[in-house]
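To start, the structure under review is shown below, and the notes come after it.
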Amino acid sequence: MPHFPGAISSKLPNIGTTIFTVMSRLAAEHNAINLSQGFPDFDCAPELRALLAKYVNSGLNQYPPMAGVAPLREAIAEKMASHYGAAYDPEHEVTVVPGATYGIFTAIAAMVRPGDEVILFEPAYDSYAPSVEVNGGRPVYVQLKFPDYSIDWQQVQNAITPKTRMIVVNTPNNPTASVFSAEDLRMLEGMLRGTGITVVSDEVYEHIVFDGHRHQSMAHFPGLAERSFVVSSFGKTYHVTGWKTGYVLAPRELTAEFRKVHQYNAFVTNAPVQYALAEYMKNRDAYLELAAFYQNKRDFFLAGIKGSRFEPLPSRGTFFQNLRYDAISDEKDTDLAVRLTTEHGVAAIPVSVFYREPPPHKVLRFCFAKSEETLEKGAQILSRI
Ligand code: PMP
Ligand code: GLN
């Protein structure tokens, strides 16, 4: 193919390939234990696979309704009512989407105009800033405080200007594995009262919260629910990241704007997957038991690296464990992540890539959504370093 003859003025001049793709590729090339990108190395429930086969084989293979199939929207609304005491109308306030990343992007595209400011917490999941920028918005950052990654709400207040259109929140948080408290949400609720600021709340790890804590959903706080796009993903909850299916909940007026963009972006989400998920959601244990399932994996991994020179930071939710390596090396985390993969055979994610400027602290993120065998092998390698 000849080269493009024109000059390209990139809309995202500073964006390379996402770290998850980079590290998973490197892990595969070097046959390393891949604790980098967040996805399970075990399969989803056989019942869920059987349901997908059932719906594919029963001929539900054409375009479903734009907002999602009715049984799935109803099942989502029921879960929100029973789990969070939140009332979402499946017809006007629930939209099924091809993954949470898409839901976040589409909410931003629907709301953010050129010049608008969007507040992000740093470190920030890597899709947020590019989604804001490609839509003409300007990310404004508030730093989470190291090492507990808590929020200084005064700084959030200081970051709000007349141009603030939106704030993006992610709890349980990737990459820090911290969680917002109810007090955090009340602070945010008070701060946004009387403003026209919207919230995109990335809650993909909503069912993965540890040590008896409860997930704090925007949906549960009326002053936040009224202005929030609550985004979640079936990928994390049912071990099907490759199915790329999630949902967006928002008040009717916000959902109407969301769907205007959605209908010309993806238009619809995979039909048989939606029917399968709708039926599978009747089994509430599948998500109610998830926190204990992953807490066991966290503890198994932590037991495996006990006595190593890595120092764990608290993991209160998600399926990530962050480790400090001050006692091991002065290297940049990006360098160590590559060296661990290529020389030692275990891949991790360098947390500095989620900052604009690398911070002084040294942290790697490890995914423990893995079989015990994988975790044991990874921990053995880390213990020798
Ligand atoms: N947000 C966060 C914080 C995530 O960790 C992920 C998962 N990788 C996503 C969004 C994306 O979810 P999905 O695969 O459904 O797009
Ligand atoms: N969210 C996953 C992670 O944090 C990866 C998803 C992706 O590769 N985009 O590792």
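The values are calculated or read from the model by the stated rules, or taken from the named source; none is laboratory data. All values derive from a computational prediction rather than experimental measurement. Because the Cβ atoms are built from the backbone with ideal geometry, glycine has one as well, and the counts that use them run over all protein chains shown. Each accessible area value is taken on the protein alone, full model and side chains, heavy atoms only, with ligands, DNA and RNA left out. Shrake-Rupley method; radii C 1.70, N 1.55, O 1.52, S 1.80 Å.
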Percent accessible area from carbon and sulfur atoms, region 49-135, protein chains only, probe 1.4 Å:
55 percent
Measuring from label point to label point, each 7 Å out along Cα→Cβ, what is the residue 58 to residue 292 span in nm?
3.1 nm
Efficiency of FRET between residue 153 and residue 265 - r from beta-carbon atoms, R0 41 angstrom, step 0.05:
0.75
Proximal aspartates and glutamates to residue 297, defined as alpha-carbon separation beneath 12 angstrom and excluding residues fewer than eight positions away on the same chain
372, 373, 376
Quick one: what Rg and Dmax do you get for region 60-201 from the alpha carbons, in Å?
16.5, 51
Quick one: which of 44-57, 119-132 comes out on top by average Cβ neighbours within 10 Å, and what's the full order, highest first?
119-132, 44-57
Please sort 343-351, 79-87 by packing, taking for each peptide the average over its residues of neighbouring beta carbons within 10 angstrom, highest first.
343-351, 79-87
Calculate the spin-label point distance for residue 342 paired with residue 299, positioning each point 7 Å from the Cα along the beta-carbon direction, and give it in nanometres.
3.9 nm
164, 195, 17, reordered so the largest accessible area comes first (probe 1.4 Å)
17, 195, 164
quick note, region 95-178, DSSP beta bridge pairs, % antiparallel (nearest 5) is 10 percent
Solvent exposure ordering (accessible area, 1.4 Å, most first) of 8, 385:
8, 385
Residue 9 and residue 252 label points (each 7 Å along its Cα→Cβ direction) are spaced in nm at 4.3 nm
R0 = 51 Å: FRET efficiency of residue 311 with residue 163, Cβ-based, nearest 0.05?
0.80
So with the 1.4 Å probe, I'd like the accessible area per residue for region 1-127, rounded to whole Å².
52 Å²
Using a/c under 1.5 as the rounded threshold, could you call the chain rounded, prolate or oblate? The axes a ≥ b ≥ c are square roots of the C-alpha gyration tensor eigenvalues, and prolate needs a/b larger than b/c, oblate otherwise.
rounded
Antiparallel DSSP beta bridges within the chain, as percent of all bridges there, nearest 5:
50 percent
Considering only protein heavy atoms and a probe of 1.4 Å, how much of the accessible area of region 267-341 is carbon and sulfur, as a whole percent?
49 percent
Could you pull out the pairs from 332/370; 236/362; 282/377; 11/370 whose alpha carbons sit more than 29 Å apart here?
282/377; 11/370
Okay, helix-only estimate at 222 nm for the chain: each DSSP H run of n ≥ 4 adds -39500 (n - 2.57), divide by all residues, round to 500 deg cm²/dmol; what do you get?
-10500 deg cm²/dmol
Classify region 190-254 from the C-alpha gyration tensor, please: rounded if a/c falls under 1.5, else prolate or oblate depending on whether a/b exceeds b/c.
oblate
